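Take a look at the structure below.
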Amino acid sequence: GESVGLHLPTLSVQEGDNSIINCAYSNSASDYFIWYKQESGKGPQFIIDIRSNMDKRQGQRVTVLLNKTVKHLSLQIAATQPGDSAVYFCAERVGNEKLTFGTGTRLTIIP
Amino acid sequence: GAVVSQHPSRVICKSGTSVKIECRSLDFQATTMFWYRQFPKQSLMLMATSNEGSKATYEQGVEKDKFLINHASLTLSTLTVTSAHPEDSSFYICSAPRGSGYGYTFGSGTRLTVV
């Protein structure tokens, strides 16, 4: 799996542009994936999820893509807004309900 | 629906004392509760899984005698940090599966500061 470091990867995007956040997951047996948004001092907030039998799922302004061949997950946010600034985590589940979180990416929207 | 209420949101305690964190499922029955710890600028790390009516399962490296977990009812799970030390200062978060097979509900987190 991904190592947990002291510095989160960062991504800065101009307001109104699209952003893509990537995640490499560790277990080929993972059957369910979730993207979470976390603001400072708060718990994770659900954004979108996808099951392993799908490769794409769309929500409101968000799209998740799953590539099982290379164990890669991405979150696309369209027309970013200042309120999208946060840390984004991917999480994977292997069968038994336990979620494992990725390292996280800090997204900053530039006005 | 599917709300988990976590208290307290912030707590400051002295070294050597114990602190209890509660997570209550308000509108559903949580037979399982996951407890995470998050250090600044890091990801959520699973500490333990509590199951109603049985002993908790701890992740490797987590001291079960230090982090006491109780899940005595279908709506309440507690984490007690015993003999707290400054290195236990962290953000603690609970999470419960919604029971549909997909989806999890997270508490709002507890910021623990040990002085």
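The values are calculated or read from the model by the stated rules, or taken from the named source; none is laboratory data. Quick caveat, the model's predicted, so the values are computed rather than measured. Here the Cβ is made from the backbone with ideal geometry for all residues, glycine too, and neighbour counts use every protein chain on show.
Criterion first (modelled with pLDDT of 95 or more and either on the phi < 0 side of the Ramachandran plot or out of contact with any Ser or Thr (no Cβ under 9 Å at 6 or more places or on another chain) (or both)) does B:Y104 satisfy it? No, not satisfied. When residues in region A:51-60 are screened for being part of a strand (DSSP E or B) and either small (G, A, S) or at the interface with another protein chain (Cβ under 10 Å from one of its Cβ atoms) (or both), 1 of them pass. Among the listed residues A:S30, A:S26, which satisfies the condition of being crowded, with 16+ Cβ neighbours inside 10 Å, part of a loop (DSSP other than H, G, I, E, B) and either in contact with a Ser or Thr (Cβ under 8 Å, 6 or more places away or on another chain) or at pLDDT below 95 (or both)? Within the list A:S30, A:S26, the selection yields A:S30. Exactly one residue out of B:F106, B:F67, B:F34 is farther than 23 Å from A:Y25 by Cβ, within 11 Å of the chain's Cα centre (by Cα), among the aromatic types (F, W, Y) and crowded, with 18+ Cβ neighbours inside 10 Å: that is B:F67. Has region B:9-17 got at least one residue that is at pLDDT 95 or above and at the interface with chain A (Cβ under 10 Å from one of its Cβ atoms)? Looking through region B:9-17, at least one residue is at pLDDT 95 or above and at the interface with chain A (Cβ under 10 Å from one of its Cβ atoms). Of all the criteria given as (1) assigned to a loop (DSSP other than H, G, I, E, B); (2) within 14 Å of chain B (Cβ to nearest Cβ); (3) in contact with a Lys or Arg (Cβ under 9 Å, 6 or more places away or on another chain), the one not satisfied by A:K42 is (3).
When the test is whether a residue is small (G, A, S), within 11 Å of chain B (Cβ to nearest Cβ) and on the phi > 0 side of the Ramachandran plot, A:G16 does not pass it. Look at (1) free of Cβ contacts under 8 Å to residues at least 40 places away in the same chain; (2) crowded, with 16+ Cβ neighbours inside 10 Å; (3) of a type in the set (S, T, N, Q) and you find that A:Q58 fails only one, number (2).
Where strands (runs of 3 or more DSSP E) fall wholly inside region B:46-115, the ranges with 2 or more residues that are within 13 Å of another protein chain (Cβ to nearest Cβ) are B:90-97, B:104-106, B:110-114.
Each row is one residue, and each column tells you yes or no for (1) aliphatic (A, V, I, L, M); (2) crowded, with 18+ Cβ neighbours inside 10 Å; (3) touching a His at 6+ places or on another chain (Cβ under 7 Å).
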site	(1), (2), (3)
B:V4	yes, yes, no
B:S9	no, no, no
B:G16	no, no, no
B:C23	no, yes, no
B:L26	yes, no, no
B:Q29	no, no, no
B:Q38	no, yes, no
B:S77	no, yes, yes
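Regarding region A:78-88, can at least one residue be identified that is without any contact (Cβ under 8 Å) to a residue 12 or more places away in the chain and assigned to a strand (DSSP E or B)? No: region A:78-88 contains no residue that is without any contact (Cβ under 8 Å) to a residue 12 or more places away in the chain and assigned to a strand (DSSP E or B). Considering (1) more than 25 Å from B:T105 (Cβ to Cβ); (2) touching a residue at least 60 places away in the same chain (Cβ under 8 Å), the lone condition that A:R93 does not fulfil carries the number (1). Of all residues in region A:96-111, those satisfying the criterion of being without any contact (Cβ under 8 Å) to a residue 12 or more places away in the chain and either assigned to a strand (DSSP E or B) or facing chain B (nearest Cβ under 8 Å) (or both) are A:E97, A:K98.
For region B:77-100, filtering for residues that are within 12 Å of B:F34 (Cα to Cα) and either touching a Gly at 6+ places or on another chain (Cβ under 6 Å) or among the aliphatic types (A, V, I, L, M) (or both) leaves 4.
For region A:61-86, name all the residues that are within 14 Å of chain B (Cβ to nearest Cβ) and surrounded by 22 or more Cβ atoms within 10 Å (Cβ to Cβ). Answer for region A:61-86, where residues must be within 14 Å of chain B (Cβ to nearest Cβ) and surrounded by 22 or more Cβ atoms within 10 Å (Cβ to Cβ): just A:V64.
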